[in-house]
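Take a look at the structure below.
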Amino acid sequence: MGLPLIMGVFFNEILFGFIYLSFVGFVLKGCDGSVLLNSTANNQAEKDGPPNISLHAFYVIDHAKKALEAVCPGTVSCADIVALAARDAVHLSGGPTWVVPKGRKDGRISRASETRQLAAPTSNISQLQQSFSQRGLSMEDLVALSGGHTLGFAHCSSFQNRIHNFATTQDVDPSMHKSFAASLRSVCPMHNKVRSAGANLDSTPTTFDNRYYKLLLDGKSIFTSDQALLTNPTTNTLVKKFADSREEFEKAFVESMIKMSSITGGQEVRLNCRFVN
Ligand code: HEM
């Protein structure tokens, strides 16, 4: 499947959702499309787990699946569709493209409780390192893949910890640029009532570039987990390398995306991405 199938059906914020989806779909079982399964009467699925409440536009994957089933029944897994959609979303935003290894199988199990294995936006560097190494991913993969935050948007609740009641003596995370923190506090007040409120993950949120790393070095990253990349000598050096060279970032990002999406573990090619066969 190439660009044309996907291009007709999704744009902008929907687009970035797929890159994020390719990451949050990556619980310990691997990239097996388990994040696409619906909850049932007896089981709360991953997509309804606390970190995944902002996932949306599953219907786009449904459209792609329907088109594929019409021409090649039972052949392309939902897990492969997510990996391809993430690749195309990056490329359509001005980033690199790559050949996605295919042949993943879809899993039959999806549990909301397993989303606790995912790294949290409040994670520190050792938690991030542990979460990635459990999946066979290195510190370089961590820094390169965090560059996915060159695109998209975060809700206030995801970075609330940095801008209100950060510590007993400091309301705001002191590692944040002062006026940047002030602007986040103005859109996300302490008792925010606007569920859709939040901030873009970088200042060029629709362009896949290395701006994320430059902003990170300037104290203008959104999550604790972004800022954490500066607190370890290895990851700090990599942040500087990627801030200096978009080419180096893109090369590392592609390698790490292929690595991340090659960790698989399913059993079947689902006929409908929302339900097991
Ligand atoms: C390192 C660990 C990571 C953490 C803790 C993390 C956390 C988050 C959180 C909390 C959000 C915002 C959710 C919301 O408030 O709506 C988000 C958004 C996003 N993340 Fe990550 N993420 C991580 C890694 C990644 C990776 C590896 C990628 C892709 C390669 C990625 C791509 C994205 C994108 C594109 C968005 C924006 C989604 C949209 O606009 O709909 N993230 N991330």
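Per-structure values
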read-out	value
Choice from 123, 186, 175 with maximal GNM fluctuation in the chain (Cα, 10 Å cutoff)	186
Nearby lysines by direct alpha-carbon distance to residue 259 (threshold 30 angstrom, same-chain neighbours under 8 apart not counted)	29, 47, 65, 66, 102, 105, 214, 220, 240, 241, 251
Solvent-accessible ranking of 190, 139, largest area first, probe 1.4 Å	190, 139
Residue-normalised accessible area of the chain, expressed per residue, 1.4 Å probe, Å²	46
Where only alpha carbons of the chain are counted, the Rg and the Dmax (Å)	18.5, 62
Within the chain: Cβ-based charge dipole about Cα centre, in debye rounded to nearest 20 (Lys, Arg +1; Asp, Glu -1)	380
Backbone HN-Hα couplings from phi across segment 237-247 [Karplus 6.51/-1.76/1.60, Hz, Gly and Pro as x]	4, 5, 4, 5, 4, 6, 5, 7, 9, 5, 4
Max mean-square fluctuation residue, GNM over the chain, Cα-Cα springs under 10 Å, options 195, 135, 162	195
203, 157, ranked by accessible area, largest first (probe 1.4 Å)	157, 203
With eigenvalues of the C-alpha gyration tensor scaled by 5 and rooted, segment 38-148, Å	26, 21, 13
Within the accessible area of the chain (1.4 Å probe), percent carbon and sulfur	56
Nonlocal amide H pairs with residue 198, under 5 Å, H built at 1.01 Å	156
Descending Cα extents along the principal axes, segment 114-157, whole Å	29, 23, 18
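The values are calculated or read from the model by the stated rules, or taken from the named source; none is laboratory data. Because the structure is predicted, anything quoted here is derived from the model rather than measured. Counting neighbours? That spans all protein chains shown, and the Cβs are built from the backbone with ideal geometry, glycine included. When the accessible area is computed, the model is the full protein with side chains, heavy atoms only, and any ligands, DNA or RNA have been set aside. Shrake-Rupley method; radii C 1.70, N 1.55, O 1.52, S 1.80 Å.
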